[in-house]
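Here the structure comes first, spelled out in structure tokens, and everything after it is commentary.
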Amino acid sequence: MPKEGTVSPIMVESKCNANVSATELRVSCESKTSCRSRSSSSNSRIQVVTFDLDDTLWPCMPLMMHAEGKAKEYMQQKYPAAHMYLETSQLQTVGNMMRRVYKDRREIDPSLPMCPVNLTELRQAALKELGGAAGLSDPEAFAQDAFAVWHQHRNAIDQFLVPGALRVIDYLRRKNIIVGAITNGNFRANGNGGVCVLKEAFDFCVNGEDLGCSKPDHRIFARAIEKAQEVFLNREGDGVS
């Protein structure tokens, strides 16, 4: 049971194909709201809507290819030895190196989940390994630098957003609905200096890697409810209802 004075939100998570139109997404939200309201008490209404991010508000693969390409360009300019090693290796991309690193980890520890949870740590580990293999004097510094460049472009989702996505979020916010994001990815609206149009769009964002688990683990949704409660109480304190 929620503590006295907190909201027990009726929460809907929206997960859809990244090719869906804004109208379809809005209708989907309205339909879920309507159906849930009819099945609940007459006073209840949707108070929180959360979105998945990758392959929901934008297509994931084009964004990742863009970020990978920009990171490679940076490596070619600043770390030519690492770039050359990557280009001439069988793996070809940092993403493939990450898969290899995680496969090696699972062979050592079969209890690890099939899919990695902390993608940030895994990419940094793969980059550090790349720096060492390429003979760089400070693989750790290289990994941090190369990751920062990649992450900035990974967060630059503006040109990849589903058309009308911002209008849908604005539509929900104008109805005074708390809007959040729940993701297994490592998107950060304010990450590494990246300018992102979603920076002010969400009331909260829950990243699975911060909790050490991935959806559909219940801990992610429990944390989302906690964050939604915080937003609700702040709004009440500001006289917004």
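What the table shows:
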item	result
Cross-link pairs K70/K215; K72/K128; K199/K227 - those with Cα-Cα distance over 22 Å	K70/K215
Dipole magnitude of region 35-189 about its Cα centre (Cβ charges: Lys, Arg +1; Asp, Glu -1), debye to nearest 20	900 debye
Accessible area (Å², per residue) of region 142-182, counting only protein heavy atoms and a probe of 1.4 Å	39 Å²
Selection from M61, M75, M97, by position along the positive dipole direction of region 59-102 (Cβ)	M97
Long-range amide H partners of F51 with built H, under 5 Å	S14, G180, A181, I182
Charge dipole magnitude, Cβ of K and R +1, D and E -1 - region 80-170, Cα centre, debye nearest 20	300 debye
Two-site label geometry, R45 and A81: point separation in nm, points 7 Å out along Cα→Cβ	6.3 nm
Vicinal HN-Hα couplings computed from phi for region 180-185 (Karplus, 6.51 cos²θ - 1.76 cosθ + 1.60; Hz; Gly/Pro x)	x, 10, 10, 9, 8, x
Region 58-117, dipole about Cα centre (Lys/Arg Cβ +1, Asp/Glu Cβ -1), debye to the nearest 20	40 debye
Estimated vicinal HN-Hα couplings, Hz - region 160-177 in sequence order (Karplus 6.51, -1.76, 1.60; Gly, Pro = x)	9, 4, 4, x, x, 4, 5, 5, 5, 4, 5, 4, 5, 5, 5, 8, 6, 8
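The values are calculated or read from the model by the stated rules, or taken from the named source; none is laboratory data. Since we're looking at a predicted model, the values are computed, not measured. Virtual Cβ from ideal backbone geometry, glycine too; neighbours counted across all protein chains shown. In case anyone asks, the SASA skips ligands and DNA or RNA and just uses the protein heavy atoms, side chains included. Shrake-Rupley method; radii C 1.70, N 1.55, O 1.52, S 1.80 Å.
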